[in-house]
Amino acid sequence: MKHPFVLIAYVLIFTFIGCKSAKKAFKRGDYEESVFRAAEKLRDSPNSSSSADILKQAYPLAIQQNLDDVAKYQNSSEPFHWKPVVNAYDRLNKMYDALRRCPACERLVTVRNFSNEERAARDQAAADRYEAGMKAMSNKTNRQMARDAYNHFEVCNSLVGGFRNVQQLLEESYDYASFKVVVEQVLVTSRMYQLSNEFFQNKINEFLNTNQRLNKFVRFYAPQEASSIKLKPDHVIKLEFDDFVVGQTLVQSNTEVVTSKDSVKVGETTVGGKKIPVYNKVTAKLTRTRKSVLSSGLLDMQIMNFNSKTVVTQEKFRGDFNWFCEWGNFNGDERALTADQKRICNVRELNPPPPQQLFIEFSKPIYDRLTNKIRDYYKNY
């Protein structure tokens, strides 16, 4: 347990550091930061006179700075000038929240709440973005204008959630703004590999459905979904295995005579009526066997323009997986073997994974290369 004097010393040190940080922020004109730091220290040490002095000076200056910004931007002719007004009121209300959590602070300064002002400014800023979005939506056939509209509606919704009918407009503008791609998945007719292929398909679908940051205006569809909504896509991605081999087995054996590195005791002989050990190098016949099971596949990807039915780009992706097992046996003197050779002789032949698992393993590098290609190809659409 720490001595009480040690604990007091720690409190004093942290209080001093906090006061110094608040003072530094005040000196460089960052009055908001100074308010937050002083409030944080006053919550822990309500009797800190230095933090109290800083707060009493910094808070009125921080309020005035932000109200000056409000006055500057409120009557500006710049587009979307209400957004910096919102930002100023947001900063004022964050200071209000911080000081309300500090009883000592409320005894030192008159805490001001600007929630009504912020709410009104948000409505004005949201209305600006809403009108800009509606103007951009006037030409729905222009994809870039539709994207501008979507961005305006997105900002509008972030300012005031559910502003007017913005949710409906977000969906409508996105439909016009998005680049639509149908992905025709790989078909494998063999029953043995259907489950494995479904795993591969599901991984690709998961990638396409969860990578919204790939490009938020690129939308991927499964063929069934596209058919149900009678979609006319921009691109169609066709995936097909040119070839795949699962479980191609190769067994190789090698037999050699090995000799011990050093001489070892091989017996005894009698010399002058005394038995003495006899040393010599020993040998053994070692057989090492390696079984390799190779699985591989070649996936063809074609990206086609739906309207012109032409191939925009095409690429092939190869995947390989090589499973192997090594074991051995020997005849002769075990002392002739090295430690590694002994280990091999203690290994028994193993069965390879089932074909379904081998299919999944060789498809993993194909998945990585394919998704990297799709990510790179559509990042600027």
**In nm, spacing of pseudo-spin labels at residue 100 and residue 290 (7 Å Cα→C-beta vector)** = 7.2 nm
**Request:** Leaving ligands, DNA and RNA out of it, report the carbon-plus-sulfur percent of the accessible area of the chain at a 1.4 Å probe.
**Result:** 49 percent
**Complete:** To the nearest Å², the heavy-atom accessible area per residue of the stretch 224-381 with 1.4 Å probe amounts to 62 Å²
**Complete:** Any lysines whose Cα falls less than 24 Å from that of residue 203, other than same-chain ones fewer than 8 residues away, would be 180, 216, 238, 316, 364, 373, 379
**Fill in**
Note, the stretch 329-343: 3J(HN,Hα) by Karplus (6.51, -1.76, 1.60, θ = phi - 60°), whole Hz, Gly/Pro = x, goes 8, 9, 10, x, 8, 4, 5, 6, 8, 7, 4, 5, 5, 5, 4
**Complete:** Sorted by chain and number, the residues with a modelled amide H under 5 Å from that of residue 266, at a separation of 5 or more or across chains, are 278, 279, 280
**Message:** How many angstrom lie between the Cα centre of the stretch 129-174 and the Cα centre of the stretch 257-299?
**Reply:** 80 Å
**Fill in**
Scalar couplings 3J(HN,Hα) for the stretch 124-130 by Karplus 6.51 cos²θ - 1.76 cosθ + 1.60 (θ = phi - 60°), nearest whole Hz, x for Gly and Pro, are 5, 5, 5, 4, 4, 5, 4
**Complete:** As straight-line cross-link partners of residue 94, the qualifying lysines (C-alpha separation under 30 Å, not fewer than 8 residues apart within one chain) are 20, 23, 24, 27, 41, 56, 72, 83
**Asked** How large is ³J(HN,Hα) for each residue in the stretch 353-358, as worked out from phi by the Karplus curve 6.51 cos²θ - 1.76 cosθ + 1.60 (θ = phi - 60°), to whole Hz, x for Gly and Pro?
**Response** x, x, x, 4, 6, 4
**Item:** Surface accessible to a 1.4 Å probe, residue 294 within the full protein complex, Å²
**Value:** 60 Å²
**Complete:** Which of (1) 19.1; (2) 24.4; (3) 40.0 is the computed mean projected area of the Cα convex hull in nm²? It is (3)
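The values are calculated or read from the model by the stated rules, or taken from the named source; none is laboratory data. Quantities reported herein were computed from a predicted structural model and do not represent experimental measurements. No Cβ is skipped: glycine too gets one built from the backbone with ideal geometry, and neighbour counts run over all protein chains shown. What goes into the accessible areas is simple: the full protein's heavy atoms, side chains included, and nothing from ligands, DNA or RNA. Shrake-Rupley method; radii C 1.70, N 1.55, O 1.52, S 1.80 Å.
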